[in-house]
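Notes follow once the structure below has been shown.
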Amino acid sequence: VTDSFSCLTRMRKVSVLLFLAWVCFLFYAGITLFTSGFLLTRLELTNYSSCQEPPGPVFLPWGSQGKPGACWMPSRFSRVVLTLIDALRFDFAQPQHSHMPGEPPASLPFLGKLGSLQRLLETRPHHTRLYRSKVDPPTTTMQRLKALTTGSLPTFIDAGSNFASHAILEDNLIKQLNSAGRRIVFMGDDTWKDLFPGAFSKAFFFSSFNVKDLHTVDSGILEHLYPTMDSGEWDVLIAHFLGVDHCGHKHGPHHPEMAKKLSQMDQVIQGLVEHLENDTLLVVAGDHGMTMNGDHGGDSELEVSAALFLYSPTALFPGAPPEEPEVIPQVSLVPTLALLLGLPIPFGNIGEVMAEVFSGGKDSSALAQASALHLNAQQVSRFLHTYAAATQDLEVKELHRLQNLFSKASADYQRLLQSPPGTEAALQTVITELQQFLRGARAMCIESWARFSLVRMAGGAALLAATCFLCLLASQWAASPAFPFHSLLLTPVVWAIVGASLYAGLLTMTRLQVELVVLEAAAAVGSLLPFLWKAWGSWRSKRPLAALLPIPKPVLLLLLIRLATFFSDSFVVAEARATPFLLGSFILLLVVQLHWEGQLLAPKLLTVPRLGSSTPTGPPRHSGAYALRLGIGLLLCTRLAGLFHRCPEETPACHSSPWLSPLASMVGGPAKNLWYGACVGALVALLVAVRLWLRHYGNLKSPEPPVLFVRWGLPLMVLGTAAYWALVSGADEAPPRLRALVAGASVVLPRAVVGLAAAGLMLLLWKPVTVLVKAGAGTPRTRTILTPFSGPPTSQADLDYVVPQIYRHMQEEFRGRLERTRSQGPLTVAACQLGSVYSAAVVTVLTLLAFPLLLLHVERISLAFLLLFLQSFLLLHLLAAGMPITTPGPFTVPWQAVSAWALMATQTFYSTGHQPVFPAIHWHAAFVGFPEGHGSSTWLPALLVGANTFASHLLFAVGCPLLLLWPFLCESQRPRKRRQPPGSEAEARVWPEEEEEEEEPLMEMRLRDAPHHFNAALLQLGLKYLFVLGVQILACALAASILRRHLMVWKVFAPKFIFEAIGFIVSSVGLLLGIALVMRVDGAVSSWFKKLVLAQQR
């Protein structure tokens, strides 16, 4: 019978986990469906341009037809050297004498280091030009290379493929060069190998992902660059240098290393100019810029401003360069290079040729420019016509207007060719009309490729809203004794299958393609139907609205204020400052509420009498000063955590905390050593605090493997982390003979720390009950252990009731008061501190997770992690001060606690130096333990960077069960007097002189009085936490959809939605793991007590 009840209890636990997993699936389905309608990718056409198929009737200037090598236009150069300097921001190349008002002073280390460009501009003005290249976001390398070769615009969602580049299938310059039989030699960034597999006649690829390595790629290029140029076995030479970009990521643009790297690039440019022949064009370009911190990926002015420099040994430009360099779109380089080399312009190009390079020769300058622009316009017009026929995405009215504009400009151009004495003014009119068409076409494509699927967006938002409503209702139903645990899984699965089958059958009948995203959404909607029907029934029964919205009004008000801020770009940008303010308001609200309701005392124990016994509540122990001290401590920690802030790009007046930079970037030994000592001190303080806490509750007295690991494994993890920080902070200063040893240790140490953490987690899952058990002889003075029963328990219910009594008597034995009875023989058993068995396991897991996550951050974030643990400790105590405990149940975690916990997770996200934008991602985390990169692997660096970014989400989600456990744990702070209850003769065998002794509190063992209520409380806690997170992602989705035409949608609202969605996924997985851990401990406690009861009976 006992086994059957135990099996039923295990099934209830599994049902709770599966129900929460199903709710998470509903949220995932809503997020996926919304994303598929919001972050669209444009259609990539597979058409290719060719010399045999011009884009329209060819009208070249007089004498150009029939020239050798002519395709659409005669070639101007037979060779080109394309030198890509990754992250070459425009002001890195800007001559010093042309400062604009408000620009940085000349004392900055990156200014004036490319002196060769300035000399060429001054001495050879007809041979050189410097442009400010305007880059289209996202400013990530793979997307920029795609734009520089195809002339197209990658969409926003393509930024994710910067981790995993795939071959370009669209028409591009590399393909056109291969089709023309040109020999292409490449050296540098290995991203090109994935984008253009097999396209190069000779290639020297170097790994691009190790941003800490400033020299390997550049040195490898220089080893092959000049010998290759001298060999003459090439037509196009591409060299992609990475040192400037890596220096920005590692040190930032203001570091002296940036000056050294730019000076090296200046020498490279000088060498290239000296090796050029007359038929060769030199192009020096940056693929994107970088922020003041050295990052990129967004669309700030510094990120989208790159340098573009052209040099020809022969005169190329008709006049001297302007005082201020011209601003051109980056994609303009593609049609320009194609026509200069005598190639067809790639089919999907939407760039505009740089007209001034098509001057000179016998023809007039304006006519040559008009000819190049007309070919370019014909190609763009053909692309628009083909694309519109394939997708119907382009706006019909605007497309019609542009086609009329092109027809008029083309007719004017042909008329000028037929009448040679055309005036210069007429040519300029044609040029203006063609440029208007090209720029209008590009603007239309940019707008159209942000076209949204409103149906999917609305469906995804509706599914998210329905799931939030489900969480709200189910959190109420879970507290009911009649809550159907046994049907939690069966009902959603059956209806999900029905919904998916109906959708698939409908599409099969209509012969439409089944999309996995929509199929998933159909299954989610089908599984939701029975719960929505039940909710409708409750509504029709005219239950009061307050019963359907159980959130307290002050909490609801703060939650609505937070959600409303997601609809303002200013508030989203300033969320790092708004979140601590809301958290501080929440803390003050809790303190005032506790004082107003008279709950400033240790957790109230409301005991339901059982078998005639009762335990009265003791007098209040905590005054208002206690909660006030907790509140002040919390506010102080919140303020200190704000020191680790990172300023968003939109607030130039703000200055990011210098503590977010690694110690390796510091100049000056004493200051670096002092900071290193502080960081190691934070590690030691965190370790000591956790061990003292475990020792205070008696969880370090057991000889079990997890306890031994906490005693010896955690100090080893601290030692390994400190040693790794010492190595990486001083790696550049290591003697040459020790650098190999330092490099090896930099690989071994972080992997060893992660290995130790994994071993500790496995040991804890294997032996989660860390109880010290003692056996020994006693004396006859005692009372029976199984007070209400004369024999062993015969059911799970009996066992659940007996467990707290066993625990109380074992506490007495451990203190020397429980001895042998005549009926039980000479053996007695004692256990040390079972009252904190659940929370001890959760705290240990959080500590084991914190150290590997801390390794992925810069050293000084260890101070923020220490504040995180202290802040969480204070908040748990403040929440527990007013949280009533009812035994034997039901157990409930109030909404105030859940909301504050979720808000603190967001605050910690910002306090660890993160922002919900792509340039703020800590890419260096990908190289912790892998300084040489990951080869072809992409999932591992993505996992490391994701763990760094969403560490706070994971830790707070795993620690969420502490909100339920902590009030029981705090019961130990309030001693109570023991009373002798009336009862049977067996119950009355207690010494009279012990009637007024202090009774040891049961703490977390009270949860075992009613396993049904325990499981329901875990389910309710999980649903409340998912609701709070779910309404946040719902608000972000609604803001992104409503403001989809907002100027800041791709800069603010889209990144916020993406980060919130990924954060929700991480948090939901962490929540499931945390609740599963508590259930694993509970199952182990049940098994342990069963063995104990059987041993007592024998």
Worksheet item: Filter the range 698-756 for residues that are out of contact with any helix residue (DSSP H, G or I) (no Cβ under 8 Å at 6 or more places or on another chain) and among the acidic types (Asp, Glu); which is surrounded by the most Cβ atoms within 10 Å (Cβ to Cβ)?
Response: Glu704
Discussion item. Looking at (1) closer than 16 Å to Ala443 by Cα; (2) aliphatic (A, V, I, L, M); (3) loosely packed, with under 15 Cβ neighbours inside 10 Å, which one does Leu405 not meet, given that it meets all the others?
Written reply: (3)
Practice prompt. Within the range 285-303, identify whether any single residue is at pLDDT 90 or above, surrounded by fewer than 17 Cβ atoms within 10 Å (Cβ to Cβ) and either closer than 25 Å to Ala180 by Cα or not assigned by the TED database to the domain that holds Asp189 (or both), and answer yes or no.
Written response: no
Discussion item. Condition (residue is open to solvent by 10 Å² or more (accessible area, probe 1.4 Å), in the same structural domain as Ile561 (by the TED database) and in contact with a strand residue (DSSP E or B) (Cβ under 7 Å, 6 or more places away or on another chain)) applied to the range 1024-1043: is it met by at least one residue?
Written reply: no
Practice prompt. Go through the range 650-661 residue by residue and tally those that are under 29 Å from Val1049 (Cβ atoms) and out of contact with any Leu (no Cβ under 8 Å at 6 or more places or on another chain).
Written response: 8
Response to the item:
Of the residues in the range 913-950, those that are among the β-branched types (Val, Ile, Thr) and either modelled with pLDDT of 90 or more or within 29 Å of Phe205 (Cα to Cα) (or both) come to Ile921, Val928, Thr938, Val945, Thr949
Discussion item. If the requirement is being in a helix (DSSP H, G or I), in contact with a helix residue (DSSP H, G or I) (Cβ under 6 Å, 6 or more places away or on another chain) and open to solvent by 10 Å² or more (accessible area, probe 1.4 Å), which of these qualifies: Leu33, Leu20?
Written reply: Leu33
Item to complete: Being in contact (Cβ under 8 Å) with a residue 40 or more places away in the chain, touching a Gly at 6+ places or on another chain (Cβ under 9 Å), crowded, with 24+ Cβ neighbours inside 10 Å and in the same structural domain as Arg132 (by the TED database) narrows it down to one of Pro335, Pro329, so name that one.
Response: Pro335
Worksheet, complete the sentence: Pairing a residue in the range 218-237 that is surrounded by 14 or more Cβ atoms within 10 Å (Cβ to Cβ) with any residue that is assigned to a helix (DSSP H, G or I) and of a type in the set (S, T, N, Q), where Cβ atoms lie under 8 Å and the two sit 6 or more apart in sequence or on different chains, gives Asp218/Gln264; Trp234/Thr228; Leu237/Thr228
Response to the item:
Selection over the range 650-697 where residues are open to solvent by 70 Å² or more (accessible area, probe 1.4 Å) and charged (D, E, K, R) yields a count of 1
Worksheet item: So how many residues does the range 247-276 have that are in contact with a helix residue (DSSP H, G or I) (Cβ under 9 Å, 6 or more places away or on another chain) and part of a loop (DSSP other than H, G, I, E, B)?
Response: 5
Practice prompt. For the range 225-235, enumerate the residues that are outside any helix (DSSP H, G or I) and farther than 28 Å from Asp171 by Cβ.
Written response: Gly232
Fill in: Residue that is over 14 Å from Cys445 (Cα atoms) and surrounded by fewer than 21 Cβ atoms within 10 Å (Cβ to Cβ), where the choices are Ala411, Ala388, Ala377
Ala411
Item to complete: Inspect all residues belonging to the range 654-670 and state whether any of them is outside any helix (DSSP H, G or I), under 24 Å from Leu716 (Cα atoms) and more than 28 Å from the chain's Cα centre (by Cα).
Response: no
Worksheet item: Does Ala425 satisfy the criteria of being open to solvent by 50 Å² or more (accessible area, probe 1.4 Å), aliphatic (A, V, I, L, M), more than 30 Å from Thr46 (Cβ to Cβ) and in a helix (DSSP H, G or I)?
Response: yes
Worksheet item: Looking at (1) under 29 Å from the mean Cα position of the chain (by Cα); (2) over 23 Å from Pro919 (Cβ atoms), which is the one condition that is false for Leu214?
Response: (2)
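The values are calculated or read from the model by the stated rules, or taken from the named source; none is laboratory data. Not measured: the values here are computed from a predicted model. Note that we place each Cβ from the backbone using ideal geometry, even for glycine, and neighbour counts take in every protein chain shown. Ligands, DNA and RNA are stripped out before the accessible areas are found, and what is left, the full protein with its side chains, is counted by its heavy atoms. Shrake-Rupley method; radii C 1.70, N 1.55, O 1.52, S 1.80 Å.
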